[in-house]
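Chemist: This is the structure I have questions about; it appears just below.
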Amino acid sequence: TDAVTETRKAIATENRRIAEAKGVCKGQYPEIEQQAIEEGWDKGRTSAAVLDAMRAARPNPAIITRSHDTDCTKDALVAAYILRAGGKLDHPAYQSRQAAAMKVPAFLRGNLNADQRQKAMEWGHRYSSMSMMDILQQAIRLDGKEVSHDREDNFKMAFSGGSLTNIFTDSVNARLVSSYMESVDTSGWCSETEVADLKLNERPRIEMGAGLTVLPEGGEADHASWADVLESYKINRFAKQFQIDEIAFINDSMQVFTETPGKFGQMAARLRPDLVYSIILDNPTLNATSRDLFNATDGNLGAGAALSAANLRAAVSAMMLIRENSVNIDVTPTDVLVPPTLRHLTGELINSSEIRQDVGASADPSIDRGTRNSLLDDNLSRITEKRLENGLTDPLSQTALSGSASDWFLIDRKG
């Protein structure tokens with residue numbers, strides 16, 4: 001009886017051990033399960049074997065390494081200097097046409113989420129506290145040279161290599177473009193054209209001729225006659241330069257990069273409106289008519305006409321009535337160009353819902369007028385330009401041109 005009892009206990013213990021092995025392996029590790037049953041492993045040993053198998057089956061974790069030699073790139077140093085000079089790495093100007101023309105680095109012109117740009121921006125922030133001497137030494141390393149303990153040797157190596165020039169040129173160009181795009185240009189009503197060279201060019205215009213004539217059956221269409229009028233002009237280049245030497249690096253003079261590129265960008269932005277408004281203020285003689293640009297004969301000069309509701313209505317009518325060779329041409333004003341002194345009066349005239357009439361002793365009681373401001377029908381916009389009042393220096397001739405606080409102009413930006 002005792003032997004049978006012991007045998008039954010042994011069988012129960014073995015069955016329990018086999019069940020535990022199967023429970024640990026859960027059918028996913030049949031080889032471990034078979035070995036555990038055959039070799040009499042307990043639950044702890046079986047669990048350890050399964051855990052080792054699970055660890056072996058996992059992929060190796062990704063190892064991220066940081067290396068100064070691989071992370072301290074030219075792009076990262078350009079980003080660092082832009083930040084230290086007070087610039088932004090996500091400025092919308094970097095996606096403009098001007099950014100490509102100014103050769104702003106490709107990583108700044110790329111998508112904001114691009115890996116190259118994100119990496120350069122990240123390390124740019126890390127290196128943004130570097131001094132100018134630190135940047136100089138990193139440029140030497142990027143040129144594949146060994147940094148010297150002699151400062152003069154480092155200057156020679158850095159200025160003779162290409163990396164330092166590229167770093168500062170790229171960072172200055174980025175600051176120039178951002179400053180340029182932030183400036184306000186009031187000459188957007190002017191159109192532009194492309195020319196092939198810097199020689200004297202001619203801008204022809206075909207004068208309006210007679211309209212269409214009747215074409216009878218079996219007849220032949222009349223020949224059109226055209227008269228060309230033209231003006232001559234020449235494209236010019238404008239430039240300024242500033243220099244950086246070793247003193248700026250020794251003194252860590254960051255204002256060279258903080259202020260100067262921004263000033264240059266503003267100068268470039270002022271050039272186009274300076275050229276445009278110098279023509280208006282100079283009132284030059286046209287080749288085609290031998291008359292001034294604005295003159296009484298052509299009906300585009302309202303001499304002494306102070307800005308008022310009546311004079312503005314008269315100017316709109318006069319502009320719409322302009323003809324050429326007895327042909328009506330579609331000239332309709334879109335904007336009122338005024339100096340700052342006339343800014344608020346212009347806003348009142350073109351935006352008010354009503355214009356109050358003079359009801360004093362000199363008013364004519366026999367004339368009935370409505371209260372609605374009819375100038376609203378013209379949908380005029382206001383352009384305020386300080387050069388019209390302050391005057392300016394012509395960028396081409398360097399001649400000082402005087403302005404006026406009372407002169408105003410109508411513009412048809414469709415023409």
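To keep it simple, each residue is scored yes or no on (1) surrounded by 18 or more Cβ atoms within 10 Å (Cβ to Cβ); (2) closer than 27 Å to residue 182 by Cβ; (3) touching an Asp or Glu at 6+ places or on another chain (Cβ under 8 Å); (4) of a type in the set (D, E, K, R).
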{"residue": "77", "(1), (2), (3), (4)": "yes, yes, no, no"}
{"residue": "86", "(1), (2), (3), (4)": "no, yes, no, no"}
{"residue": "94", "(1), (2), (3), (4)": "yes, yes, no, no"}
{"residue": "97", "(1), (2), (3), (4)": "no, yes, no, yes"}
{"residue": "102", "(1), (2), (3), (4)": "yes, yes, no, no"}
{"residue": "116", "(1), (2), (3), (4)": "no, yes, yes, no"}
{"residue": "131", "(1), (2), (3), (4)": "no, no, yes, no"}
{"residue": "136", "(1), (2), (3), (4)": "yes, no, no, no"}
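Chemist: Give the residue that is farthest from the chain's Cα centre (by Cα), with candidates limited to residues of segment 229-287 that are among the polar types (S, T, N, Q), closer than 30 Å to residue 151 by Cα and not in a helix (DSSP H, G or I).
Modeler: Going residue by residue through segment 229-287, those that are among the polar types (S, T, N, Q) are 232, 236, 241, 243, 251, 253, 255, 258, 260, 266, 278, 283, 285, 287.
Narrowing the set further to residues that are closer than 30 Å to residue 151 by Cα leaves 241, 243, 251, 253, 255, 258, 260.
Among the residues that remain, those that are also not in a helix (DSSP H, G or I) are: 241, 243, 251, 253.
On the way: 241: 23, 243: 26, 251: 33, 253: 28 Å.
Top of the filtered list is 251.
Chemist: Moving to a separate point now. If I ask for residues that are among the small types (Gly, Ala, Ser) and loosely packed, with under 13 Cβ neighbours inside 10 Å, which ones from segment 311-344 would you list? Walk me through it before giving the result.
Modeler: First, the residues of segment 311-344 that are among the small types (Gly, Ala, Ser): 314-315, 317-318, 326.
Correct list: 317, 326.
Chemist: List, please: which pairs have Cβ atoms under 9 Å, are six or more places apart or on different chains, and start with a residue in segment 275-303 that is of a type in the set (Lys, Arg) and end with one that is at pLDDT 90 or above?
Modeler: Here the result reads 291/285, each pair linking segment 275-303 to a residue that is at pLDDT 90 or above.
Chemist: Please go through segment 194-212 and pick out each residue that is in a loop (DSSP other than H, G, I, E, B) and either closer than 19 Å to residue 287 by Cβ or at pLDDT 85 or above (or both).
Modeler: Applying the first criterion (in a loop (DSSP other than H, G, I, E, B)) to segment 194-212 yields 194-199, 207-212.
Of everything in segment 194-212, those that are in a loop (DSSP other than H, G, I, E, B) and either closer than 19 Å to residue 287 by Cβ or at pLDDT 85 or above (or both) turn out to be 194, 195, 196, 197, 198, 199, 207, 208.
Chemist: Scan segment 361-381 and give yes if some residue there is modelled with pLDDT of 90 or more and in contact with a Pro (Cβ under 9 Å, 6 or more places away or on another chain), otherwise no. Please lay out each step first, then the result.
Modeler: Filtering segment 361-381 for residues modelled with pLDDT of 90 or more gives 375-381.
With in contact with a Pro (Cβ under 9 Å, 6 or more places away or on another chain) added as a condition, the list becomes 378, 380.
Looking through segment 361-381, at least one residue is modelled with pLDDT of 90 or more and in contact with a Pro (Cβ under 9 Å, 6 or more places away or on another chain).
Chemist: If the requirement is being of a type in the set (Asp, Glu) and open to solvent by less than 40 Å² (accessible area, probe 1.4 Å), which of these qualifies: 274, 292, 282, 298?
Modeler: Working: 292 fails: open to solvent by less than 40 Å² (accessible area, probe 1.4 Å); 282 fails: open to solvent by less than 40 Å² (accessible area, probe 1.4 Å); 298 fails: open to solvent by less than 40 Å² (accessible area, probe 1.4 Å).
Unique residue meeting the criteria: 274.
Chemist: Any residue that is more than 18 Å from residue 264 (Cα to Cα) and polar (S, T, N, Q) - is there at least one of those in segment 173-187? Reasoning before the result, please.
Modeler: Quick first cut of segment 173-187, residues more than 18 Å from residue 264 (Cα to Cα) only: 186-187.
Applying the additional criterion that residues be polar (S, T, N, Q) yields 186-187.
Within segment 173-187 (the criterion being more than 18 Å from residue 264 (Cα to Cα) and polar (S, T, N, Q)), the answer is yes, since at least one residue qualifies.
Chemist: Give me the pairs, please: first residue somewhere in segment 94-108 and over 13 Å from residue 82 (Cα atoms) and touching a residue at least 12 places away in the same chain (Cβ under 8 Å), second residue anywhere and among the β-branched types (Val, Ile, Thr) and assigned to a helix (DSSP H, G or I), beta-carbon distance under 6 Å, and either six or more positions apart or on two chains.
Modeler: Pairs that qualify, where the first residue is over 13 Å from residue 82 (Cα atoms) and touching a residue at least 12 places away in the same chain (Cβ under 8 Å) and the partner is among the β-branched types (Val, Ile, Thr) and assigned to a helix (DSSP H, G or I), are 98/177; 99/177; 102/177.
The values are calculated or read from the model by the stated rules, or taken from the named source; none is laboratory data. What you see is a predicted model; the values in this text were computed from it and never measured. Ideal geometry is used to build each Cβ from the backbone, glycine not excepted, and the neighbour counts take in all protein chains shown. These area figures cover heavy atoms from the full protein model, side chains too; ligands, DNA and RNA do not enter into them. Shrake-Rupley method; radii C 1.70, N 1.55, O 1.52, S 1.80 Å.
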